[in-house]
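No lab work stands behind these numbers, since they all come straight from the coordinates. Values in this document were obtained by computation on a predicted structure and should not be read as measured data. Please note: Cβ atoms are built from the backbone with ideal geometry, for glycine as well, and neighbour counts cover all protein chains shown.
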Amino acid sequence: MKKQWLFSGLLLSFLLFLSGCEPLTVFDPMGPQAALLKDVIWISIWTMLFVVVVVFIILIYILVKYRSTKTPSDYRPPIVKGNIWVEITTIGIPVLIIVFLSFVSVQSTYEAESVPKQFKDEEPMVIYAASSNWKWHFSYPEEDIETVNYLFLPTDRPVEFRLYSFDAISSFWIPQLAGQKYAMTGMITTLNLTATEEGEMQGRNANFSGEGFAEQTFNVSAVSQKEFDEWVKEVKNTAEPLDEKTFNKLLKPGHLGQKTFSSTHLDFSPPPEEHGEMSEEEMKKEMEQEQSDH
Amino acid sequence: MEFFKQFAVPNPTPTIYLSMVAIGLTLIAVLAGITYFKKWGYLWSEWLTTVDHKRIGIMYLISALLMLFRGGVDALMMRAQTSMPGNELLSAAEYNEIFTTHGVVMIFFMAMAFITALMNFVVPLQIGARDVAFPRLNALSFWLYFMGAMLFNLSFVIGGSPSSGWTSYFPLAGNELSPHIGTNYYMIALQIAGLGTLITGINFIVTIFKMRAPGMKLMKMPLFTWSALITNLLITFAFPVLTVALAMGTMDRLFGTHFFTMDNGGMAMLWANFFWVWGHPEVYILVLPAFGIYSEVISTFSKRNLYGYTSMVVSIVVISTLAFLVWVHHFFTMGQGALVNSIFSITTMAIAIPTGIKIFNWLFTMWKGKIQFTVPMLYSLGFIPIFTIGGVTGVMLGIASADYQYHNTMFLVAHFHLVIIPGVVFAMLAGMTYWWPKMFGFMLNERIGKWAFWNIAIGTCLAFFPMFISGLDGQARRMYTYSEVAGFGIWNLLSFFGALGLAMGFILIVFNVYYSARYASRDIGDDPWDARTLEWATRTPVPEYNFAVTPQVDSREPLWDSKYEGKTLFKEEIKDIHMPNNSGQPFIMTIFFFVAGFGLVFSMWPVVYVAAAGIAVLLFIRSFERDDGRHIHAEEVRETENNKRGDTR
Ligand code: HEM
Ligand SMILES: [Cu+2]
């Protein structure tokens, strides 16, 4: 069968490319979250490959054996009634596979959403990432600096991104560090990631958001804590502070290139309320605040 | 002058002007042609006013093929634009309009119409009925769909097309970020067509429950009818959600409400949820009829009974239930947390179990069979491996954590094309080729058909397999361009070649229709494939009353058993046959719908009021009209049957 060879050939070349010389972005992790997802993806590829191979073998076997040109002209196919063992196998094996993958999925989803084990006790660094058509505004509240369209991250330090959007739904994605998450108006979503290797990466908005979508990318530099601190110091010394008027100009739809400021927009344009879990302390604080407001 | 400005296309290019001229000229040529050949009367009495399910099916088929070409041209333009990094064939704005209309046209106006075409033509024949339960409503369904499709396509030359994707996520699609009228076309054209679909759903449920031939118990129905039943149940449960979502979106855009806006308490996530609560069942609405067709075709050309009939039926039912429980997998990345994602991840992957069972049952149907490689069978055999790959990648996407990396990338695009193309397009081409002789009285040429198949099958693989790789390499979907350093170039180029192969295949299909219409033999008998179910027990071409005498059924393969087991299908004498009358009302009413829709798109209220009044008047007239149908006398039936007697019965 020509066709079957063709399919197997394509499949094989597909696999060769996947495991090929220069790794694909998703298979070239620079941090534990992306490494975890890489493993999960490979587990699922191998499991699914097993399914595909079984189906292909049965298909080829049957097509070769029972084609009408191979069977005698007076051959009359029998009426075949179901066989309980055949049914049990064809239901049982898929069920087992799905149960297995369900475990993988649940376990890895919980893991991907939380701070990696080796950094559990460290206080994560908070960065606000806000998208506006068609750029990213990154605010470092602790350092009190803000960048547009590029990120500096210290390695071996967990980072908690708080994502929101000024307009269209966007999706914050640095494939070499972690999976993506939506940034939306009126609420905050959080994304945990950690860079463990130094280097340059690309990040982007993955969710279609209109005319300038294709170019809504940003640069990510993962650097050592020392270098990071130096960078912060330099920004503090050289960059202008960000005022409301400048920021409103930045929000206008368009592309900007990279920009740096020595203060954040969070003071005059606070982020939406957090919807995530609050610690008890925070809850208490909030309630007190509310009471004193009245 | 001010008034006319709103109808101008925002990004006019020579292509659009040329298309305007071409559309205008074609329209004039068609109208002049009909007048010259004096065909207005024929067109009106035989087609525009018909309530015959077979003719309605054929009109759906023609429309679906036209839309396939419209959507196909969109696809070629997209693949050409992305075939090279930094290409400047299309601007971002044009590209966005094109991928939006491609998705909408293909899903709503091609795939939906195609499955409705085959259900219309085949289901009444398969269950031994004279027509559907509500023939006039059926005509209304078709014309609503047709007018919706025409209204949507009009956006290309008048006013400009929507450009927020076929998913039309708010707030991007709202007035705040898309002030242009394009999205109004989306909201209103889909509302009109969707109404038609909903009516079809109800019509076919009643038809299948109430109008089966005596003896055809539910568990004796052919699988295509089973899949049609479940599909229409899905339609009836899912489409109201879309109706509501579109109505809310329309109000946001036209009347300033705040359902999905960014400010004033609007909730954009609500749109995403509504859309996919409808949208996931929708993909099964598309694929279940295909499963039915494959069951018929594989059994016919293996010369064997279908393996595992009961488990086939149970799987369809299970799939249709699960289809409502998985919608969140379209936005695992919206931040709802690990628990919610885990639950929906499990329900999603669970769908693979009944789907897998069906694949094995088709394989075992061929076991010990006598496999004939006809064109419909080739499509079915191509379906199994390609759909398996599409399906297992679906399971990969269903793993929530991994989906954070695949979501919104070309990997996802590869997945859904590799399920929808073999699952819908292959099936429809298989079904069309298979039932063609019943529809038109001649067979499509097998040689050209096989050429077309190979082009389409190889084209599909070449067009979509590379996307898995570029997706994993970080290429997001819906990007009109990318830079050379990104390294996606080669995969997109391959993909473009695949698209060309697909285009070649479709051109061959058109050529095949022309060639076969001209040269194929008309002397093919009633049952040219040696098939097993009731639709082949009618005359070719099928007389308007379908069966001179209602068949009596006592097995799953009544025709096969009457041919080879000596059972009699037709036991009664020919009697007078009661048939419904033609009516021009559905057609006229939907013209009012079209006008009202156009008025709504441009907020021209007087036009809307007048057209709405027209619809109301027609509804009123219909409510008080008495129409008891007509009878074809036994004499006349006998004469028709004798004239057609070529083979023995
Ligand atoms: C084995 C069963 C299947 C599974 C487990 C599955 C899983 C998924 C998942 C998880 C997604 C969302 C991915 C994302 O957005 O990141 C998806 C998208 C999609 N699937 Fe499937 N799928 C299956 C079968 C099908 C079938 C049979 C069809 C159509 C006939 C289909 C059509 C689609 C479409 C159209 C989309 C994406 C639409 C869009 O975002 O524009 N899938 N599928
Ligand atoms: Cu889905």
Query raised in the report: Within chain A, which complete DSSP H helices have Cα atoms spanning at least 30 Å along the helix axis and a mean Kyte-Doolittle hydropathy of 0.5 or higher?
Result: A:32-65, A:84-113
Requested in this report: Starting at the first residue of region A:188-201, write each ³J(HN,Hα) from the Karplus equation 6.51 cos²θ - 1.76 cosθ + 1.60 with θ = phi - 60°, in whole Hz, x for Gly and Pro.
Outcome: 10, 10, 10, 9, 9, 8, 9, 9, 10, 10, 7, x, 9, 9
Query raised in the report: Relative contact order of chain A: what whole-number percent is it, with Cα pairs under 8 angstrom and at least 6 residues apart?
Result: 19
Report summary line: Note to self, chain A gives a 222 nm [θ] from helices alone (DSSP H runs n ≥ 4, -39500 (n - 2.57) apiece, / all residues, nearest 500) of -13500 deg cm²/dmol
Requested in this report: Sequence neighbours fewer than 8 away in the same chain don't count; with that in mind, list the aspartates and glutamates whose C-alpha is under 15 Å from B:LYS220.
Outcome: B:GLU296, B:GLU535, B:ASP554, B:GLU557, B:ASP561
Query raised in the report: Amide H neighbours of A:ARG67 under 5 Å, counting only residues 5+ apart in sequence or on other chains, H built in-plane at 1.01 Å?
Result: B:ILE371
Query raised in the report: Given charges of +1 on the Cβ of Lys and Arg and -1 on the Cβ of Asp and Glu, with all other atoms neutral, how large is the dipole of region B:500-558 about its Cα centre, in debye to the nearest 20?
Result: 280
Report task. Return the long-range amide H neighbours of A:SER209 (sequence gap of 5 or more, or a different chain), with a cut-off of under 5 Å between placed amide H atoms. Result -> none
Query raised in the report: In terms of Cα to Cα distance under 23 Å, which lysines are near enough to A:LYS120, apart from those fewer than 8 places away along the same chain?
Result: A:LYS38, A:LYS181, A:LYS226
Query - Modelled FRET efficiency - R0 30 Å, A:ASP121 with A:ASN248, Cβ distances, 0.05 increments - result: 0.15
Query raised in the report: Within straight cross-link reach of B:LYS54, meaning Cα distance under 20 Å, which lysines are found once same-chain residues fewer than 8 apart are removed?
Result: B:LYS210, B:LYS438, B:LYS644
Report task. Please name whichever of A:VAL52, A:PRO158, A:TYR110 sits farthest to the positive end of the charge dipole of region A:51-174, dipole taken about the Cα centre and charges placed at Cβ: Lys and Arg +1, Asp and Glu -1. Result -> A:VAL52
Query raised in the report: What GluC sites (Glu not before Pro) does region A:199-278 have in DSSP loop regions with at most 16 other beta carbons within 10 Å?
Result: A:GLU273, A:GLU274, A:GLU277
Report task. Within region A:105-164, list the trypsin sites (Lys or Arg not before Pro) lying in a DSSP loop whose Cβ has at most 14 other Cβ atoms in a 10 Å radius. Result -> A:LYS120
Requested in this report: DSSP loop (so not H, G, I, E, B), at most 11 other Cβ within 10 Å: list which trypsin sites (Lys or Arg not before Pro) in region A:22-91 pass both filters.
Outcome: A:LYS81
Report task. Would you mind finding the longest exposed-site-free stretch of chain B, with exposed GluC sites (Glu not before Pro) meaning DSSP loop and at most 16 other Cβ atoms within 10 Å? Result -> B:89-543
**Report entry** Gyration tensor (Cα) of the protein assembly as shown, equivalent ellipsoid semi-axes in angstrom
**Finding:** 52, 33, 24
Query - Partner chain coverage, peptide B:458-468 - average Cβ within 10 angstrom - result: 2
Query raised in the report: To the nearest 0.05, what FRET efficiency results for B:ASN642 and B:SER521 with a Förster distance of 22 Å applied to their C-beta separation?
Result: 0.50
Requested in this report: Would you please classify the overall shape of region B:412-555 from the alpha carbon gyration tensor, given that a ≥ b ≥ c denote the square roots of the eigenvalues, rounded means a/c under 1.5, and beyond that prolate means a/b larger than b/c while oblate covers the rest?
Outcome: prolate
Query raised in the report: How far apart, in nm, are the 7 Å Cα→Cβ label points at A:LYS81 and A:GLU240?
Result: 8.7
Query raised in the report: Can you work out ³J(HN,Hα) from phi for every residue in region A:127-143, in order, using Karplus 6.51 cos²θ - 1.76 cosθ + 1.60 and θ = phi - 60°, giving whole Hz and x for Gly and Pro?
Result: 10, 8, 10, 10, 9, 9, 4, 10, 8, 10, 10, 10, 10, 9, x, 5, 7
Query - Tilt relative to chain B, helix B:135-154 - C-alpha long axis, 0 to 90 degrees, to 10 - result: 30
Requested in this report: Treat every Asp and Glu Cβ in region A:122-293 as -1 and every Lys and Arg Cβ as +1, leave all other atoms uncharged, and give the resulting dipole magnitude about the Cα centre to the nearest 20 debye.
Outcome: 900
Query - Residue-by-residue Karplus 3J(HN,Hα) for region B:375-392, coefficients 6.51, -1.76, 1.60, Hz, glycine and proline x - result: 4, x, 5, 4, 4, 5, 6, x, 4, 4, x, 5, 5, 4, 5, x, x, 5
Query raised in the report: Please state the relative contact order of chain B as a whole percent: Cα pairs under 8 Å, 6+ residues apart?
Result: 17
Query raised in the report: Along the charge dipole of region B:516-649, which of B:THR540, B:ILE577, B:PHE594 sits closest to the positive end, that is, farthest toward it, with unit charges on the beta carbon of Lys, Arg, Asp and Glu (+1, +1, -1, -1)?
Result: B:PHE594
**Report entry** Directionally averaged projected area (convex hull, Cα atoms, region A:122-293), nm²
**Finding:** 10.4
Query raised in the report: Relative to the Cα centre, what is the charge dipole magnitude of chain A, using +1 at the beta carbon of each Lys and Arg, -1 at the beta carbon of each Asp and Glu, and rounding to the nearest 20 debye?
Result: 2800
Report summary line: Counting sequence-distant residues (5 or more places) and residues on other chains, those with an amide H built under 5 Å from that of A:ALA183 are A:SER170, A:SER171, A:PHE172
Query raised in the report: Given the rule -39500 (n - 2.57) for each run of at least 4 DSSP H residues, summed and divided by the residues of chain B, what is its mean residue ellipticity at 222 nm, to the nearest 500 deg cm²/dmol?
Result: -22000 deg cm²/dmol
Report summary line: Length gained, B:MET84-B:GLN336, 0.36 nm per residue minus C-alpha separation, equals 87.0 nm
Requested in this report: Take every Cα-Cα pair in chain B and report what % of them are more than 39 Å apart.
Outcome: 31
